[in-house]
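Just below is one structure, and these are the notes that go with it.
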Amino acid sequence: MDNLHFILLLLLLTSAASLPLGFCISQLQPCFHKSCLESPTLAYRNTSLLDQIISLAYEPDTVNWIKSLRREIHRHPELAYEEYLTSTVIRRELDRLGVEYRWPVARTGVVATVGSGSPPFVAVRADMDALPIQEMVEWEHKSEIDGKMHACGHDAHVAMLLGAAKLLQQIRQHLQGTVVLIFQPAEERGRGAKDMMEEGVLEGVKAIFGLHVNDKYPTGTVAARPGEFLAGCGSFKAVITGKGGHAAIPQNSIDPILAASTSVMSLQSIVSRETDPLDAQVVSVGMIHGGTAFNIIPESVSIAGTFRAFSKKSFYGLGDRIEEVVKSQAVVHRCTAEIDFSGEEHPTIPPTVNDAGVYEHVRQISARFLGEENTKVAPNFMGSEDFAFYLDKVPGSFLLLGVGNERKGAVYPAHSPMFTIDEDALPIGAAIHAAFAYSYLLNSTTDLAYS
């Protein structure tokens with residue numbers, strides 16, 4: 001070895017020795033997982049693969065492919081449990097990638113796997129269904145189906161999860177376990193996740209990750225929070241029965257309209273007078289049906305509404321209290337009441353509660369790709385998500401992916417006929433899905449080694 005080579009080798013060793021053990025060597029990024037703190041070699045390997053994932057996601061052919069998939073699905077929106085063409089597109093692309101899957105699951109769902117086929121298992125999920133909305137956005141990939149539109153971004157979710165499937169397939173030899181990719185129907189009906197779980201999609205799964213596009217955050221940012229994140233959503237319908245008769249002789253009747261009216265008023269006191277003002281809850285009555293003529297007291301009246309809360313205790317407590325108030329008011333006015341909380345069209349969805357550990361795992365990956373300044377702590381949202389059913393079963397985390405871009409018209413909220421997204425966010429979402437799955441499996445196996 002000549003003197004020049006010896007000097008270069010000495011400088012390299014000196015530089016490496018000066019790095020603290022808790023840093024990922026390739027870009028001096030901190031890695032907080034226990035195994036990375038204890039093993040600089042593992043930290044280097046973990047970091048290099050994460051870098052490779054984001055690099056693969058931004059390859060021009062991959063970016064264009066993900067965008068083309070989103071556009072194809074957007075042109076052909078399908079409502080809950082009707083996602084036959086969407087699942088055909090998914091299976092076509094999985095076949096081309098050489099990714100194994102099973103279908104149908106929960107009627108139209110697809111469940112794919114990438115990796116060793118052995119434990120540990122980690123899951124990532126995308127919903128597939130569209131909404132009964134007439135699209136008003138004028139662009140070359142506008143919905144071709146009258147009265148149906150991907151107005152909630154599920155077309156983007158499917159495209160990004162297919163993108164993640166491609167990335168994971170490209171690094172499959174490095175996966176220390178198996179990734180389960182869940183393409184789920186019927187999120188908008190609030191039943192798809194439960195139906196998928198009934199067919200065993202979470203069997204053996206140790207953690208799950210999902211995301212949703214959000215126009216309130218610009219492209220290049222993400223947001224979530226640990227613990228209680230999205231509200232639980234429940235619906236109720238009460239039928240209050242009295243005794244019909246002529247309105248001119250009310251003493252011969254039992255008036256259900258009066259009982260329904262006092263029930264509505266009393267329900268408002270649950271939140272205003274019985275709950276902690278810092279524990280956000282909602283009880284709203286949105287429907288009252290009763291009577292057929294101005295001078296007839298009806299036999300019965302129905303009222304219906306919704307209730308929401310962030311904590312599971314508060315949420316389920318609201319349901320109990322609603323039933324108690326309505327039935328009590330009915331009794332006061334000599335009526336009877338029957339209450340149904342199992343609405344087929346609007347099933348009860350629990351609060352979305354992120355596991356603190358999985359949330360932190362996702363946050364670190366997001367910060368690595370986008371920077372700490374673009375990895376936000378989100379506020380609580382009163383919206384609900386049937387991803388919550390998965391989180392009731394296994395630890396997981398739900399993330400909001402920024403797709404807002406005023407210049408591209410991506411400023412309208414979900415469920416608007418003007419809703420659109422900035423497609424530049426698609427490779428970001430694909431990379432976060434893939435990086436979460438890869439690194440979670442890696443950390444799971446190294447945890448076992450160090451336990």
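Of the residues screened, V325 is not one that is of a type in the set (A, V, I, L, M), over 26 Å from the mean Cα position of the chain (by Cα), within 29 Å of A388 (Cβ to Cβ) and open to solvent by 30 Å² or more (accessible area, probe 1.4 Å).
Going through segment 228-268 one residue at a time, which ones are out of contact with any Gly (no Cβ under 8 Å at 6 or more places or on another chain), open to solvent by less than 40 Å² (accessible area, probe 1.4 Å) and either polar (S, T, N, Q) or part of a helix (DSSP H, G or I) (or both)?
The initial filter retains those residues of segment 228-268 that are out of contact with any Gly (no Cβ under 8 Å at 6 or more places or on another chain), namely 228-229, 232, 238-251, 258, 261-266, 268.
Then keep just the ones that are open to solvent by less than 40 Å² (accessible area, probe 1.4 Å); that gives 229, 232, 238, 240, 242, 244-245, 262-264, 266.
Passing the criteria: T262, S263, V264, S266.
Scanning segment 145-152 turns up one or more residues that are open to solvent by 20 Å² or more (accessible area, probe 1.4 Å), among the small types (G, A, S), assigned to a loop (DSSP other than H, G, I, E, B) and more than 20 Å from F369 (Cβ to Cβ). Residues in segment 352-368 that are touching a helix residue (DSSP H, G or I) at 6+ places or on another chain (Cβ under 9 Å) and open to solvent by less than 40 Å² (accessible area, probe 1.4 Å): T352, N354, V358, H361, V362, I365, S366, A367.
Out of the residues in segment 102-117 that are in contact with a strand residue (DSSP E or B) (Cβ under 6 Å, 6 or more places away or on another chain) and free of Cβ contacts under 8 Å to residues at least 40 places away in the same chain, state the one that is surrounded by the fewest Cβ atoms within 10 Å (Cβ to Cβ). Of everything passing the filter in segment 102-117, R102 is surrounded by the fewest Cβ atoms within 10 Å (Cβ to Cβ).
Per-residue answers, yes or no, for (1) of a type in the set (A, V, I, L, M); (2) outside any helix (DSSP H, G or I); (3) modelled with pLDDT under 95:
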| site | (1), (2), (3) |
| --- | --- |
| G317 | no, no, no |
| E323 | no, no, no |
| S328 | no, no, no |
| E338 | no, yes, no |
| S342 | no, yes, yes |
| E345 | no, yes, yes |
| Y359 | no, no, no |
| I365 | yes, no, no |
| D392 | no, no, no |
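Being of a type outside the set (V, I, T), open to solvent by 30 Å² or more (accessible area, probe 1.4 Å) and over 18 Å from L230 (Cβ atoms) holds for only one residue in P218, P185, and it is P218.
The condition (being over 36 Å from the mean Cα position of the chain (by Cα), closer than 29 Å to A309 by Cα and of a type outside the set (A, V, I, L, M)) is satisfied by just one residue among S284, S269, S261, S253: S261.
Candidates in segment 297-314 are the residues that are in contact (Cβ under 8 Å) with a residue 60 or more places away in the chain and not small (G, A, S); of these, the one that is farthest from A231 (Cα to Cα) is V301. Screening the candidates A414, A430 for the property of being open to solvent by less than 10 Å² (accessible area, probe 1.4 Å), farther than 30 Å from P256 by Cβ and modelled with pLDDT of 95 or more yields one hit, A430. Checking K206, K142, K194 one by one, the residue that is open to solvent by 10 Å² or more (accessible area, probe 1.4 Å), touching a helix residue (DSSP H, G or I) at 6+ places or on another chain (Cβ under 8 Å) and part of a helix (DSSP H, G or I) is K194 and no other. Does R102 satisfy being assigned to a loop (DSSP other than H, G, I, E, B), farther than 23 Å from I428 by Cα and modelled with pLDDT of 55 or more? In short, no.
The values are calculated or read from the model by the stated rules, or taken from the named source; none is laboratory data. It should be emphasised that the depicted structure is a prediction, and the values quoted were computed from it without experimental measurement. Positions of Cβ are generated from backbone atoms using ideal geometry, with glycine treated the same way; all protein chains shown enter the neighbour counts. Side chains are part of the model used for accessible areas, which takes the heavy atoms of the whole protein and leaves out ligands, DNA and RNA. Shrake-Rupley method; radii C 1.70, N 1.55, O 1.52, S 1.80 Å.
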